Each structure stands twice: as C-alpha cells, then as structure tokens.
1. Residues in region 1-30 that are over 15 Å from Leu73 (Cα atoms) and open to solvent by 10 Å² or more (accessible area, probe 1.4 Å): how many?
2. Quick check on my filter: what residues within region 78-98 are within 14 Å of the ligand (Cβ to nearest atom) and either part of a strand (DSSP E or B) or closer than 21 Å to Leu22 by Cβ (or both)?
3. I'd like to check something: does region 37-51 contain any residue that is assigned to a loop (DSSP other than H, G, I, E, B) and either touching a helix residue (DSSP H, G or I) at 6+ places or on another chain (Cβ under 9 Å) or over 18 Å from Asp126 (Cα atoms) (or both)?
4. Identify, by number, the condition in (1) closer than 30 Å to Cys43 by Cβ; (2) outside any loop (DSSP other than H, G, I, E, B) that Ser200 doesn't meet.
5. What is the residue count in region 82-117 for residues that are polar (S, T, N, Q), touching a Ser or Thr at 6+ places or on another chain (Cβ under 8 Å) and open to solvent by 10 Å² or more (accessible area, probe 1.4 Å)?
6. Which of the residues spanning region 189-214 are under 15 Å from Val169 (Cβ atoms), open to solvent by less than 50 Å² (accessible area, probe 1.4 Å) and in contact with a strand residue (DSSP E or B) (Cβ under 9 Å, 6 or more places away or on another chain)?
7. Restricting to region 137-163, what's the tally of residues that are within 16 Å of the ligand (Cβ to nearest atom) and open to solvent by less than 40 Å² (accessible area, probe 1.4 Å)?
8. Counting just the residues of region 99-128 that are within 15 Å of the ligand (Cβ to nearest atom) and either in a loop (DSSP other than H, G, I, E, B) or without any contact (Cβ under 8 Å) to a residue 60 or more places away in the chain (or both), which one comes out nearest to Val225 (Cα to Cα)?
Amino acid sequence: MPSDLSPIEKAKFTAARHAAGLIQDGMKVGLGTGSTAAWLVRCLAERVRDEKLQITSVATSTRTAELARSLGLTVSTLDEVMRLDLTIDGADEFDGNLGLIKGGGAALLQEKIVATASDRMVVIADAAKHVATLGAFPLPVEVIPFGWRATSRLVEEVLAGQDVLGHEVVLRMAGDVPLRTDENNYILDLHLKRIGNPQSLALALNQIAGVVENGLFLNICDTVVVGHPDGRVEVTEHGSPARQVAQIDLATTSNIFSDLGD
Ligand code: 5RP
C-alpha cells in the first residue's frame, strides 16, 4: 500500500477488495463506474489472473470497459449476456433503506440498466456516502439534448410539487460545453438538499418526456459494503443493521499498487 494513498482511497480500496471476494468462478458480473468501482476492476483483474477465474463482465461505461480490457478482463455487451449474477458499483449516497443516489460520474443510465439486469447489486463505498436522508448530493437526471431547456422547466414544475428543500436545476458542463453521457445525452443536476419522498420524486421525474432516467436507485441495491481507511469492512443487507465482517490487511494485501507503477 503506497503511503501517499489518502484515507478515502484506502477506504474505497478496502470496500472494493472485499466485494471482489464475492465474485465466484463462472459468474457474469456487472462492473460499475467511478473511482471506487475502478478499484473493484483492479481487484477483480488480479483475482482473475492469479486464480485463473472464468468471469464474463459487462461494463457500465466506456471508461470502465477500457480499464477492464486494459487489465485483461473479458468485457461483453449486456445484449450478449442478458442476465447477470452480480453487479458491483459505487454510489454518491446511500440511506438506511439502501436507496441510492448515483450518476456523479454521469453513467447512471447504463448503471441502472445493468443493475436491474442483475440478480444482485452490491454497492461499495466509504462511510461518508452514508446519509440519513438522500439529497445532499445533487440528483443527476439524464435528459435528451433536444428541447432540454423545456425539459428543465418541466423538472422545476415537478419539484414544486415534491417534498424537497432545494429547487435549483443545473445543466452539467464539461468546460464550456454541456457534458455528454455515453448515450450522447445531457445531465441536469438537481440541488434538492433533502428528498423527503424519493419514490414519488423518481416516478414524477420519469414521466417527463425529455427525461431518460434519474439517479435515484430505489429497491435495486441488495447490499452495501463500506470500507474504512484502517481496513475494516462493514456490510449492510436489506432490513439488517451494519455489521463488521472483515479486516483487510492493507500492508500486505495486494500487488495492485506495484501493478499501478507505485
Ligand atoms: C457514476 C456513479 C458512481 O458510482 C458514483 O459517482 C460514485 O463514484 P466514486 O466511487 O468515484 O465516489 O454513480 O455515475
């Protein structure tokens, strides 16, 4: 473990390392997007190489597909595989019901399609992602570029009738131009501060014609694996309190860091 890895990266690595151990030979696995999911991809690639596992993977973004292929993993399309055993992904927030906000990395659409095509979704995160109520992280909503201003206005109208604290809607930019998702759509970030009724909000947003999908993942996640910077791993399953299940030895645990050139 390189000494300059920040506590948060150690926590993300810890969660990813534990979750990679849930993957069994022969499984079809969805690979999430983001910095925590990138650790998962590295940990899985290491296991596949060392243990000669046969794993079929489906990526949730071109970024993740490129990383996975560069590390020697076989990446298939969802249409080839159809049904997955397990998807492991990060999240921007999770609450006590294992409801999530996702899409900070602009990959929410493929992430939701892949997660809902999976028998099980496991989220990997650091403890800072745990919230009592969803909404401090701006809720990403993927919209069609055509007429996006009109769509944004309709989103504001929806928000006026919802149990939320903030109402600001911001088009996500990449420098001077709107950010494009893998599907070439735009992202609106909804600064809501607090979402009182996520179910109602998710349904209302998805009824707007220009909205493709929203970043609320409700009744999709089965398990959250939280990593801590000291190597402790806590797991929360639906309906049960968090319990410590493992302690990863960060000093001796992996070749990943030497593989990264550290
Ligand atoms: C990408 C996502 C990511 O899972 C989410 O943004 C968390 O990212 P990170 O692990 O880098 O904190 O939803 O669309």
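The values are calculated or read from the model by the stated rules, or taken from the named source; none is laboratory data. Worth saying up front: this structure is predicted, and the values here are computed from it rather than measured. In this analysis, Cβ positions are derived from the backbone assuming ideal geometry, glycine residues included, and neighbour counts consider all displayed protein chains. Side chains are part of the model used for accessible areas, which takes the heavy atoms of the whole protein and leaves out ligands, DNA and RNA. Shrake-Rupley method; radii C 1.70, N 1.55, O 1.52, S 1.80 Å.
1. 15
2. Hits for region 78-98 are Thr87, Ile88, Asp89, Gly90, Ala91, Glu93, Phe94.
3. Taking every residue of region 37-51 in turn, none turns out to be assigned to a loop (DSSP other than H, G, I, E, B) and either touching a helix residue (DSSP H, G or I) at 6+ places or on another chain (Cβ under 9 Å) or over 18 Å from Asp126 (Cα atoms) (or both).
4. (1)
5. Total meeting the criteria: 1.
6. Asp189, Leu190, Leu192, Ile195, Leu201, Leu205, Ile208, Gly210, Val211, Asn214
7. Matching residues across region 137-163 total 6.
8. Per the criteria, the residue is Gly99.
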